1. Output the strands (runs of 3 or more DSSP E) that fall wholly within the stretch 135-222 and possess 1 or more residues being of a type in the set (Val, Ile, Thr), or say none.
2. Only one residue in VAL120, VAL111 is within 25 Å of ARG191 (Cα to Cα), open to solvent by less than 20 Å² (accessible area, probe 1.4 Å) and away from the ligand (no atom under 12 Å from the Cβ). Which one?
3. Restricted to the stretch 96-108, and to residues that are open to solvent by 60 Å² or more (accessible area, probe 1.4 Å) and out of contact with any Lys or Arg (no Cβ under 8 Å at 6 or more places or on another chain), which residue is nearest to the ligand (Cβ to nearest atom)?
4. Of ILE217, ILE210, which residue is within 18 Å of the chain's Cα centre (by Cα), surrounded by 14 or more Cβ atoms within 10 Å (Cβ to Cβ), at pLDDT 95 or above and of a type outside the set (D, E, K, R)?
5. Checking the structure you have, find out if any residue of the stretch 10-19 is among the polar types (S, T, N, Q), in contact with a Pro (Cβ under 9 Å, 6 or more places away or on another chain) and closer than 18 Å to VAL189 by Cα.
6. Return the pair list, or none, for Cβ contacts closer than 8 Å from residues in the stretch 199-215 that are more than 17 Å from PRO236 (Cβ to Cβ) to residues that are in a loop (DSSP other than H, G, I, E, B), at least 6 apart or on different chains.
7. If you scan the stretch 82-119, which residues turn out to be assigned to a helix (DSSP H, G or I) and over 18 Å from LYS63 (Cα atoms)?
8. Suppose we filter PHE54, PHE13 for residues that are within 14 Å of the ligand (Cβ to nearest atom) and surrounded by fewer than 21 Cβ atoms within 10 Å (Cβ to Cβ); which single one remains?
Amino acid sequence: MAKQNIFDNQIFFDGYKKIRENQASANIVFEMPALYSLLPDLSGKHILDLGCGFGEHCMDYIKKGAERIVGIDISEKMLEIAKTENSDPKITYLLMPMEDIDSIDEKFDIVISSLAIHYVEDFKGVLAKIHNLLNDGGIFVFSQEHPFSTCHSGGDRWTRDENGNKLHLNLKNYGVEKETESVWFVDNVKRYHRMFSTIVNDLIDAGFEIERMIEPIPDDEILAKYPDHKDLFHKPDFLLVKAGKR
Ligand SMILES: C[S@@+](CC[C@H](N)C(=O)[O-])C[C@H]1O[C@@H](n2cnc3c(N)ncnc32)[C@H](O)[C@@H]1O
């Protein structure tokens, strides 16, 4: 199966790096706090981070007491930053697509993946490999673009009023599971759309039990600071899942 490595595209990389530096980004305001709220006490834990990007999360896991981290990513450019800005003797970074993690000869207490799994076509195959790499009692925690986003391809995602304010989401082809292409810094950014039921059923079939799910929406405090995030009541940007190895 073809694997996309869009983060090594210079234009995409520069655009993505810029939004991640914005402290009001949805990643920082919603996704990271939700992801971290799903994690147990990390003291002494061995963790595998799939699609670790700049390695910021890996450093956070060390600060939270983790004993060993393996961070893997398909992008050389992302790992270059991880190795220069977020290195630690307890972290090993590997250039590897997550589809190939069966080549890792090590077991983990926790596998985490933040906003990377929607770039993977073979979700079932990767889930089976994650299950194999987890110790008994291990957990898999991941975030992905919300299925109401991954189904979108082409056209305006929103119906707007005459001033451009978002009125409601234009949901199209939610039930068509396939590779979708969107424009994000560059044309043809590929993601894989899976319905909610497919995500849940694939996890169950791979031997996981769902412990918790989060679709982050703003509370009053966040709305007061970032009023534009009110649109998340129409469509959450992210889906987060915590699943335990059965
Ligand atoms: C949106 S970034 C998130 C980075 C990091 N997890 C974070 O939240 O800061 C997605 C990352 O997934 C990586 N990625 C995409 N497809 C991948 C694959 N098949 N295997 C491993 N990494 C992949 C990209 O190169 C990129 O670094």
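1. Output list reads 158-160, 179-184, 186-192, 208-214.
2. Details: VAL120 fails: away from the ligand (no atom under 12 Å from the Cβ).
Answer to the check: VAL111.
3. ASP100
4. Within the list ILE217, ILE210, the selection yields ILE217.
5. We begin by selecting, within the stretch 10-19, every residue among the polar types (S, T, N, Q); these are 10.
If we keep only those that are in contact with a Pro (Cβ under 9 Å, 6 or more places away or on another chain) as well, we get none.
Among the residues of the stretch 10-19, not one is among the polar types (S, T, N, Q), in contact with a Pro (Cβ under 9 Å, 6 or more places away or on another chain) and closer than 18 Å to VAL189 by Cα, which makes the answer no.
6. ASP202/ARG194; GLY207/ARG246; PHE208/ARG246; GLU209/ARG246
7. Hits for the stretch 82-119 are MET98, GLU99, ASP100, ILE101, ASP102, SER103, ILE117, HIS118, TYR119.
8. Details: PHE54 fails: surrounded by fewer than 21 Cβ atoms within 10 Å (Cβ to Cβ).
Result of the check over PHE54, PHE13: PHE13.
The values are calculated or read from the model by the stated rules, or taken from the named source; none is laboratory data. Note that the structure is predicted; figures quoted are calculated from it, not measured. All Cβ positions, even for glycine, are placed from backbone atoms using ideal geometry, and neighbour counts span all protein chains on display. Note: areas computed on protein heavy atoms with side chains; ligands, DNA, RNA excluded. Shrake-Rupley method; radii C 1.70, N 1.55, O 1.52, S 1.80 Å.
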